[in-house]
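Structure, as structure tokens:
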Amino acid sequence: MRKTVKNKKGYSLLEMLVTLVVFAVLVTMIVQVLLISIESSRKIAVRSKLRGDLSEIAVMMRRDFRNASKIDTANCIASTGSFNFNGQNYNSGCVFDLQSSTYAWIIGSSSNTCATGKICKFIQTAGGYDLFYESSELLDIDGNRSRIEFQEFADDVTGSRGIVLSTLVADPTASKNIGIPTQVRQISVFTRNF
């Protein structure tokens, strides 16, 4: 004789499929939130690094010009054409003496020692000028909108003085494709008497 069991406990195929579909939708949503969070964190980190690199350059330039013993007024003028330094043409730059050495901050342009999209600091050696510092790969300095200028003025009490004005316009490198807006740093430094 056969016994029939009326209260079988278990899941039907339909219940299992519904559970799997709900689980798949939840996992997809969680993965999407995780991917958006990772991308957002990456953008924040790159933006922070970009701003930090640009601020570091601004601090170095400000310190150099403030402590300079002499600024070469003939070689510290932004021109609409180009700035000739060490036999090469640049968009803008400034030559100055600091701690018995001659240095130069240069905004790079095509086909020269300081590449397009970079800002470089050179130090004078017996053989010319050697690269001392170059901006990071993350920064793309806009050579057409960035300038380093020197404005000289005379005063009756202290003699000749000046102010170095610099505007640095930077974008993240195009290869990063992170959608960060253009960053700008402006520097103004009153120089010592020279």
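The values are calculated or read from the model by the stated rules, or taken from the named source; none is laboratory data. Treat the numbers as computed from the prediction; the structure is a model and nothing was measured. Glycine also receives a Cβ, built like all others from the backbone with ideal geometry; neighbour counts cover every protein chain displayed. To get the accessible areas, we keep the full protein, side chains included, count just its heavy atoms, and leave off ligands, DNA and RNA. Shrake-Rupley method; radii C 1.70, N 1.55, O 1.52, S 1.80 Å.
Quick notes
- Hits in segment 100-117 (condition: open to solvent by 20 Å² or more (accessible area, probe 1.4 Å), at pLDDT 85 or above and of a type outside the set (Phe, Trp, Tyr)): SER100, SER101, THR102
- Scanning segment 137-153 for residues that are surrounded by 15 or more Cβ atoms within 10 Å (Cβ to Cβ) and under 18 Å from MET60 (Cβ atoms) turns up LEU138, LEU139, ILE141, SER146, ARG147, ILE148, GLU149, PHE150.
- Members of segment 128-152 that are more than 16 Å from PHE65 (Cα to Cα) and at pLDDT below 80: GLY143, ASN144
- Once segment 154-191 is narrowed to residues that are charged (D, E, K, R), more than 13 Å from the chain's Cα centre (by Cα) and modelled with pLDDT under 65, the residue that is surrounded by the most Cβ atoms within 10 Å (Cβ to Cβ) is ASP155.
- Here segment 8-41 is the region considered, the condition is being open to solvent by 80 Å² or more (accessible area, probe 1.4 Å) and modelled with pLDDT under 85, and the residue that is nearest to LEU138 (Cα to Cα) is TYR11.
- Considering residues of segment 79-99 that are under 12 Å from PHE122 (Cα atoms) and at pLDDT below 70 only, the residue least open to solvent (accessible area, probe 1.4 Å): PHE85
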